[in-house]
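Novice: Quick one: the structure is below, questions incoming.
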Amino acid sequence: SGISITGATGVSYTAKQSGAYTVVIINSYSCTTTSSPITVTVNTFPTATITPAGSTTLCQGNSVVLNANTGTGYTYQWLKDEVIITEAITSSYTVTQQGNYKVIVTNSYGCSTTSSVIAITVNPLPPFAVITAGGNTTFCSGDSVVLSIIGSSGCTYQWKRSGVNITGANGENYIAKQSGDYTIVITNSYGCTTTS
């Protein structure tokens, strides 16, 4: 752009900035000629960030949406564990599997930036429980039936009658004395639940 570049006195120059570049050639008689300009345009890189729409620690079967930053003319490519996810080419991606996720953001100039990694952890569900009745589930008022499950180590329990928590019913067995549909919610050490 008409300004001398300090130290640029060789027959070649590596341009890294936008501008109109010329070279002045001086012969042994101190006579000079100036070349026609060559215009160099250096385009900027886009930013690439990921914002999870929820927790990055999931229970099996759940999901979280990862959102990349948006911009005019941006295109996207998501990766899991450094492998391209072929169909994942929008600004958002719904994750259901454990892994390390990144997104490559490309602007309209063809310049690309890769985001930092977002690690997704998927924890297992507790074992599915089957309730066993210790007797007849149809009986006269004043009678009862013992409902039981086979427990799992490290799990906690909540019995429900017709979808409502039964206060204090937190063991592997429950004595049912009232009509209703009984279920049990099992929660493991990861906070993941299954319902019988």
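Novice: Sort Y109, Y157, Y101 from largest to smallest accessible area, using a 1.4 Å probe on the heavy atoms of the protein chains.
Specialist: Order by accessible area, largest first: Y109, Y157, Y101.
Novice: Among all the aspartates and glutamates, which ones have a C-alpha under 20 Å from K160's C-alpha, if same-chain residues fewer than 8 places away are not counted?
Specialist: D143, E172, D181
Novice: For a quick check, take a GNM of the chain with Cα springs below 10 Å and name the residue from T51, T113, T22 with the largest mean-square fluctuation.
Specialist: Checking each option, the largest mean-square fluctuation is seen for T22.
Novice: Assuming R0 = 30 Å, what is the FRET efficiency of T137 and N170, from their Cβ-Cβ distance, to the nearest 0.05?
Specialist: So the FRET efficiency works out to roughly 0.90.
Novice: Ordered by packing density, taken as the mean number of other Cβ atoms within 10 Å over each peptide's residues, highest first, how do 83-90, 180-187 rank?
Specialist: Going from most to least packed, we get 180-187, 83-90.
Novice: A follow-up question, please. Please compute the net charge surrounding K80, taking Lys and Arg as +1 and Asp and Glu as -1 over other residues with Cβ under 14 Å from its Cβ.
Specialist: -2
Novice: Let me ask another. For the chain, give the share of DSSP beta bridges that are antiparallel, in percent and rounded to the nearest 5; count only bridges with both residues there.
Specialist: Expressed as a percentage, antiparallel bridges in the chain total about 95.
Novice: Next up: On the accessible surface of the chain, probed at 1.4 Å, how many percent belong to carbon and sulfur atoms?
Specialist: Carbon-and-sulfur percentage of accessible area, whole number: 52.
Novice: Could you check the spin-label model distance between V146 and C111? Points 7 Å from the Cα along Cα→Cβ, value in nm.
Specialist: Going from the V146 label point to the C111 one covers 7.4 nm.
Novice: D for region 109-178, whole µm²/s, Stokes-Einstein with Kirkwood Rh over alpha-carbon pairs at 25 °C and 0.890 mPa s: what number?
Specialist: 154
Novice: Check the chain for me: any Cys whose beta-carbon has no other cysteine beta-carbon within less than 4.7 Å?
Specialist: Among the cysteines of the chain, those whose Cβ sits 4.7 Å or more from every other are C31, C111, C140, C155.
Novice: With a 1.4 Å probe and all protein chains left in place, how much accessible area per residue does the chain have, in Å²?
Specialist: 65
Novice: Which label marks the calculated value of Rg/Rh (Cα atoms, Kirkwood Rh), given the options (1) 1.06; (2) 0.99; (3) 1.44?
Specialist: The calculated read-out lines up with (3).
Novice: Based on the mean of other beta carbon atoms within 10 Å per residue, what is the order of 114-122, 41-49, most packed first?
Specialist: Listed from highest to lowest mean packing, they are 114-122, 41-49.
The values are calculated or read from the model by the stated rules, or taken from the named source; none is laboratory data. This structure is a prediction, so every number in the text was calculated from the model and none was measured. Backbone-built Cβ (ideal geometry, glycine too); neighbour counts: all protein chains shown. These area figures cover heavy atoms from the full protein model, side chains too; ligands, DNA and RNA do not enter into them. Shrake-Rupley method; radii C 1.70, N 1.55, O 1.52, S 1.80 Å.
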